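Okay, structure first, notes after.
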Amino acid sequence: MKKRTAKQATKKTKYIFVVGGVMSGVGKGVASSSIAKILQARGLSVTALKIDPYINVDAGTMNPTEHGEVFVLKDGLETDQDMGNYERFLGTDMPAINYMTTGSVYQSVIRKERNLEYGGHNVEVVPHIPLEVISRIKHAAKKSAADVALIEIGGTVGEYQNILFLEAVRMLKTEQPEDVAVVMVSYLPVPGSIGEMKTKPTQTAARLLNSAGVFADFILARAPVPVDKKRKEKIARFCNVLPENVISAPDVDSIYDVPLRYEAEKLSSKICDLLSLRCRTTSDLSRWKRFVTSSKTGKDTVKIAVVGKYFNSGDFVLSDVYISVLEAIKYSSYKLGLKPEISYVSSLDFEDKKQLKRLKEFDGILVPGGFGTTGITGKLNVIEYARKNKIPYFGICYGMQLAVLEYAKNKLRMKDVSTAEINPDAKHLVIDIMPEQKEKIAQSDMGGTMRLGAYPAHLSTGSIVKSAYHQAEITERHRHRYEVNPAYIMKLQEGGLVFSGQSPDRRLMEAVELPREEHPFFVGVQFHPELQARPLDPHPLFTAFVKAAYEAK
């Protein structure tokens, strides 16, 4: 038998699983993204996956006030917001295979059973569900040709919901013991009444993880303050890890500081040693460091109001609903040497027009995407105020549709005008569902009525959007059901509205704006540019908006 050469040998991927202990919201997504970043900086190709322990087949039907932003991938899958973190930290697009839920895994196994792919054997929760998980992970790693696949398992160890995913970790570790590492992100509280950092919750989490047959190789010790040597030694002793593999992960000013904190404790070197990875001897985080520095050195400020309906959550402000928008504003501000002051404003506050004068304090106003009728009156009032008072305005998705509606209603004085989402019985629906989508709705096929994923668009010569992109053809991601009604495009154009971005066949309106001589910056886009904004590569539309806001002040 002929021996294979080194070039012919199959590339072997290493797998790093990230699990959470003690409580949810401990920062597994940022930890996973940061580990991926520092390994990338050592010259390795890295891909990142997220496993969500929900029966939902994807994240599209999850309430954003409970689950955070729905992040849409290039190929159209609606995912958890952590997929956005992966793309932003790694600076690359993630494919749909990199995201799975309990629902999607079960759906896949059942479909295979129906197709007789198990050859008549009994199909059981164990081993077939964990084996499907492992198959998906390996497929994702192979598709990306990754040296390292980093897999974040949602939930907290000890929960019933993610036990099957931990079983997948155990099985893969048994199959390939030299190729699998486990990182547990755990929280160390410092109770105010005691004044001492407590390790017992982390010890308990480690034992729960061990009971599933999985043992942590590294523990990222999340805490309000740095973890001292004594606590590291205590965690190591009772959690069965090396003291040097207990990594202090205190609260920091910005999530973008986290990779630098990890590198300060030589985490990438320790991972490379454990998994026998061929890394560069030095880490190249120079561009990342410059970005982090720029985020802290801006002198002049720019004040941006993000007007949404999802901010109010009880007594708390839930900014995660619009996290990609907020981060995109920051990236562009840092690029321009500015310090952004972003205010989260509920559209419900502006249903009373007397409150609109509060908007005078802002340099720019952004209305992001959303669904439903809640807070619509407030948004329309805000858009009218921004248009009439020449405050730079940026509308995204619903923010564009409402800008079109506001213009038709208040500038063109059209009577009984609305969108099909607000009032489907209105005489003039300037925003409506396309005919082919109406047929699907009539058949109760709601899942097929969204335009999801990347679509091309053509930008008009001389427009604000084209000058921002510096190109005529673009591709952006979408997540919406309604479009500008073609029956009213001519009337809106004759009334002064400029449709500066259109689909290649000219049927769908992708961008709208007012001429520069009428307004310093009034732009709406049907797509979601925030989904392609990166720390090291800010989105040009956000940069144009922030620049206009700063210059307008």
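Of all residues in the stretch 128-172, those satisfying the criterion of being touching a strand residue (DSSP E or B) at 6+ places or on another chain (Cβ under 8 Å) and among the acidic types (Asp, Glu) are 147, 152. Of the numbered criteria (1) at pLDDT 95 or above; (2) assigned to a helix (DSSP H, G or I); (3) among the hydrophobic types (A, V, I, L, M, F, W, C), the one residue 348 fails is (1). Cβ-Cβ contacts under 7 Å between residues 6 or more apart (or on different chains), taken from a first residue in the stretch 453-481 that is at positive phi to a second residue that is crowded, with 16+ Cβ neighbours inside 10 Å and not aliphatic (A, V, I, L, M), are listed as 453/74; 453/76; 453/477; 453/478.
How about the stretch 448-487: which of its residues are of a type in the set (A, V, I, L, M) and either under 30 Å from residue 58 (Cβ atoms) or buried (at least 21 other Cβ atoms within 10 Å of the Cβ) (or both)? Within the stretch 448-487, 450, 452, 454, 457, 459, 464, 465, 468, 474, 484 meet the criteria.
Looking at residue 222, is it in contact (Cβ under 8 Å) with a residue 12 or more places away in the chain, out of contact with any helix residue (DSSP H, G or I) (no Cβ under 6 Å at 6 or more places or on another chain), in a strand (DSSP E or B) and under 24 Å from residue 148 (Cβ atoms)? Considered against the rule, which asks whether it is in contact (Cβ under 8 Å) with a residue 12 or more places away in the chain, out of contact with any helix residue (DSSP H, G or I) (no Cβ under 6 Å at 6 or more places or on another chain), in a strand (DSSP E or B) and under 24 Å from residue 148 (Cβ atoms), residue 222 comes out as yes. Consider residue 360 carefully, then state whether it is surrounded by fewer than 17 Cβ atoms within 10 Å (Cβ to Cβ), outside the structural domain of residue 88 (by TED's automatic domain parsing) and at pLDDT 90 or above. Spelling it out, residue 360 is indeed surrounded by fewer than 17 Cβ atoms within 10 Å (Cβ to Cβ), outside the structural domain of residue 88 (by TED's automatic domain parsing) and at pLDDT 90 or above.
Looking at the stretch 47-138, the helices (runs of 4 or more DSSP H) lying wholly inside it that each contain 1 or more residues that are surrounded by fewer than 19 Cβ atoms within 10 Å (Cβ to Cβ) sit at 64-67, 102-114. Within the stretch 238-287, the set of residues being of a type in the set (A, V, I, L, M, F, W, C), touching a residue at least 12 places away in the same chain (Cβ under 8 Å) and in a loop (DSSP other than H, G, I, E, B) comprises 241, 277, 279, 285. Of the residues making up the stretch 512-535, one or more are aliphatic (A, V, I, L, M) and farther than 17 Å from residue 403 by Cβ. All conditions but one from (1) modelled with pLDDT of 95 or more; (2) in a helix (DSSP H, G or I) apply to residue 305; the one that does not is (2). The set of residues in the stretch 322-343 being over 12 Å from residue 545 (Cα atoms), within 20 Å of the chain's Cα centre (by Cα) and hydrophobic (A, V, I, L, M, F, W, C) consists of 323, 325, 326, 342. Within the stretch 3-21, being at pLDDT below 95 and either assigned to a helix (DSSP H, G or I) or surrounded by fewer than 23 Cβ atoms within 10 Å (Cβ to Cβ) (or both) holds for 3, 4, 5, 6, 7, 8, 9, 10, 11, 12. I need the full set of residues from the stretch 488-507 which are surrounded by fewer than 22 Cβ atoms within 10 Å (Cβ to Cβ), modelled with pLDDT of 95 or more and under 25 Å from residue 423 (Cα atoms), in order please. Once the filter is applied, which keeps residues that are surrounded by fewer than 22 Cβ atoms within 10 Å (Cβ to Cβ), modelled with pLDDT of 95 or more and under 25 Å from residue 423 (Cα atoms), the stretch 488-507 yields 488, 489, 490, 491, 493, 494, 495, 496, 498, 499.
Take the conditions (1) over 20 Å from residue 156 (Cα atoms); (2) assigned to a helix (DSSP H, G or I); (3) hydrophobic (A, V, I, L, M, F, W, C); residue 206 misses just one of them, which is (1). In this structure, residue 329 qualifies as in the same structural domain as residue 480 (by TED's automatic domain parsing), in contact with a Pro (Cβ under 6 Å, 6 or more places away or on another chain) and either farther than 26 Å from residue 531 by Cβ or not small (Gly, Ala, Ser) (or both). Restricting attention to the stretch 252-271, report how many residues are of a type in the set (S, T, N, Q) and either buried (at least 18 other Cβ atoms within 10 Å of the Cβ) or at positive phi (or both). Total meeting the criteria: 1.
The values are calculated or read from the model by the stated rules, or taken from the named source; none is laboratory data. Keep in mind that what you see is a predicted model, and the values were worked out from it rather than measured. Counting neighbours? That spans all protein chains shown, and the Cβs are built from the backbone with ideal geometry, glycine included.
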